[in-house]
1. How about segment 74-109: which of its residues are farther than 18 Å from residue 34 by Cβ and in contact with a helix residue (DSSP H, G or I) (Cβ under 9 Å, 6 or more places away or on another chain)?
2. Could you list all residues from segment 139-163 that are in contact with a helix residue (DSSP H, G or I) (Cβ under 8 Å, 6 or more places away or on another chain) and loosely packed, with under 15 Cβ neighbours inside 10 Å?
3. Which is in contact with a helix residue (DSSP H, G or I) (Cβ under 9 Å, 6 or more places away or on another chain), exposed (fewer than 15 other Cβ atoms within 10 Å of the Cβ) and either assigned by TED's automatic domain parsing to the domain that holds residue 90 or touching a residue at least 24 places away in the same chain (Cβ under 8 Å) (or both), of 121, 179, 198, 186?
4. Failed condition for residue 105, given (1) surrounded by fewer than 16 Cβ atoms within 10 Å (Cβ to Cβ); (2) assigned by TED's automatic domain parsing to the domain that holds residue 54; (3) out of contact with any strand residue (DSSP E or B) (no Cβ under 8 Å at 6 or more places or on another chain), with all others met?
5. Assess whether residue 28 counts as being over 15 Å from the mean Cα position of the chain (by Cα), surrounded by 16 or more Cβ atoms within 10 Å (Cβ to Cβ) and either touching a residue at least 24 places away in the same chain (Cβ under 8 Å) or closer than 25 Å to residue 110 by Cβ (or both).
6. Among the residues of segment 42-78, count how many are at pLDDT 90 or above and either within 10 Å of the chain's Cα centre (by Cα) or assigned to a strand (DSSP E or B) (or both).
């Protein structure tokens, strides 16, 4: 049986938007292949602070799932369905067998793993080396719409800080005339000024 045929016969699971895909400390028993939707992966501190790591969309692979399958460790983070998901589930025993027996599957897994790991390292570097002000300005500038419909809480989750910190910086940006704040939206007024922060 070809790899494509093997993947096509895997059972499909529907996960409603807002549901938890996996939680921190949970044992990893399946390789997830996302067919439809978008999942958000984040870590949570003992104090409850969330730090966004990455999103998984169709064609992507969850680096933490692969890492946990290889190491037999529990998930060090959590994932939530941002939209309704359709997922194919491969048991760990089948994943292990395919990695050993199928060069095509092994190449697919390791290429995806390497690409996603590089992105994850980039995220960690941003959290460690960039200021909140820089991360906030960069996030706002990278959005394709203006005004941007987002709450301060959601924005804080995206850049890995607290809502109060985001609100304080946004109010300063507004006082400088760089943005205009509204109820549930942010309008960019001076992109050049925000570029100077990066």
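The values are calculated or read from the model by the stated rules, or taken from the named source; none is laboratory data. The shown structure was predicted, so the numbers you read here are calculated from the model rather than taken from an experiment. Every residue, glycine as well, gets a Cβ built from its backbone with ideal geometry; the counts of neighbours run over all protein chains shown.
1. 74, 76, 96, 99, 100, 102, 104, 106
2. Answer for segment 139-163, where residues must be in contact with a helix residue (DSSP H, G or I) (Cβ under 8 Å, 6 or more places away or on another chain) and loosely packed, with under 15 Cβ neighbours inside 10 Å: 141, 153, 163.
3. So the residue among 121, 179, 198, 186 that is in contact with a helix residue (DSSP H, G or I) (Cβ under 9 Å, 6 or more places away or on another chain), exposed (fewer than 15 other Cβ atoms within 10 Å of the Cβ) and either assigned by TED's automatic domain parsing to the domain that holds residue 90 or touching a residue at least 24 places away in the same chain (Cβ under 8 Å) (or both) is 198.
4. With (1) surrounded by fewer than 16 Cβ atoms within 10 Å (Cβ to Cβ); (2) assigned by TED's automatic domain parsing to the domain that holds residue 54; (3) out of contact with any strand residue (DSSP E or B) (no Cβ under 8 Å at 6 or more places or on another chain) applied to residue 105, the lone miss is (1).
5. Yes, satisfied.
6. 4
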